[in-house]
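Here is the structure we will look at.
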Amino acid sequence: GAVVSQHPSWVICKSGTSVKIECRSLDFQATTMFWYRQFPKQSLMLMATSNEGSKATYEQGVEKDKFLINHASLTLSTLTVTSAHPEDSSFYICSARVSGFTDTQYFGPGTRLTVL
Amino acid sequence: AQSVTQLGSHVSVSEGALVLLRCNYSSSVPPYLFWYVQYPNQGLQLLLKYTTGATLVKGINGFEAEFKKSETSFHLTKPSAHMSDAAEYFCAVSLTRSSASKIIFGSGTRLSIRP
């Protein structure tokens with residue numbers, strides 16, 4: 001089956017630093033990837049839709065200058081949390097849509113970000 | 001606009017008992033519906049999905065769900081709970097006619113299994 005990986009699986013950083021999270025589709029091409037954020041004991045909230053070769057589409061209320069998304073290839077999307085603050089601490093999950101199929105997303109294992 | 005409501009943030013059943021997790025949706029177009037499971041500190045795993053055709057959908061681990069348009073529901077069931085079923089379950093809905101459909105998740109239901 002389709003596998004999506006994320007790196008790192010967890011990261012701790014100091015306030016004010018930037019953190020990059022990678023999302024890779026390992027055995028398929030993904031023209032569209034999605035980034036979600038999940039607070040403890042809450043549901044997933046869509047942050048942005050990442051399309052290969054074009055600018056990401058951000059959901060209302062998500063700061064695009066703070067959460068930089070790059071989808072440079074059909075197998076890789078990155079999320080960079082810039083000038084991280086403790087309130088950015090969360091579980092970040094990506095998903096990838098198999099090219100040509102609109103109804104199935106495959107989710108990565110998530111990245112736990114803790115900002116001190 | 002699409003939305004999903006999961007009734008009950010926490011459900012507890014005995015091992016071997018019936019599992020019923022409730023999900024109601026609203027959608028202006030025929031929906032695609034999903035159930036995902038999330039184990040602690042892990043990503044989401046697709047249990048099952050409904051797109052078109054048969055309204056009773058069978059998924060992995062013995063779970064199934066029935067799409068009832070008249071009730072706008074997509075409840076998840078399993079005849080006999082197992083300890084390994086303890087996890088967080090999310091119902092979700094997406095558009096059917098968009099090339100980059102977003103998935104809207106419900107708030108989740110935590111399933112606990114009593115020995």
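The values are calculated or read from the model by the stated rules, or taken from the named source; none is laboratory data. Only a predicted model underlies this, so the values are computations on that prediction, with no experimental measurement involved. Please note: Cβ atoms are built from the backbone with ideal geometry, for glycine as well, and neighbour counts cover all protein chains shown. Just the protein is used for accessible areas: all its heavy atoms, side chains included, with ligands, DNA and RNA removed. Shrake-Rupley method; radii C 1.70, N 1.55, O 1.52, S 1.80 Å.
In the range A:17-37, the residue that is nearest to the chain's Cα centre (by Cα) out of those that are over 15 Å from A:Gln6 (Cα atoms) and within 11 Å of another protein chain (Cβ to nearest Cβ) is A:Thr32.
Which is touching a Leu at 6+ places or on another chain (Cβ under 6 Å) and of a type in the set (A, V, I, L, M, F, W, C), of A:Ile12, A:Ile21?
Result of the check over A:Ile12, A:Ile21: A:Ile21.
At least 2 residues being away from chain A (no Cβ under 14 Å) is the threshold, and among the strands (runs of 3 or more DSSP E) wholly inside chain B those reaching it are B:10-14, B:19-26, B:56-58, B:64-68, B:73-78, B:109-114.
Evaluated against (1) of a type in the set (A, V, I, L, M, F, W, C); (2) more than 17 Å from A:Gln6 (Cα to Cα); (3) open to solvent by 30 Å² or more (accessible area, probe 1.4 Å); (4) modelled with pLDDT under 95, A:Leu116 falls short on exactly one condition, (4). Listed here are the strands (runs of 3 or more DSSP E) enclosed by the range A:40-111 that have at least 2 residues being open to solvent by less than 40 Å² (accessible area, probe 1.4 Å) and within 12 Å of another protein chain (Cβ to nearest Cβ): A:44-51, A:90-97, A:105-107.
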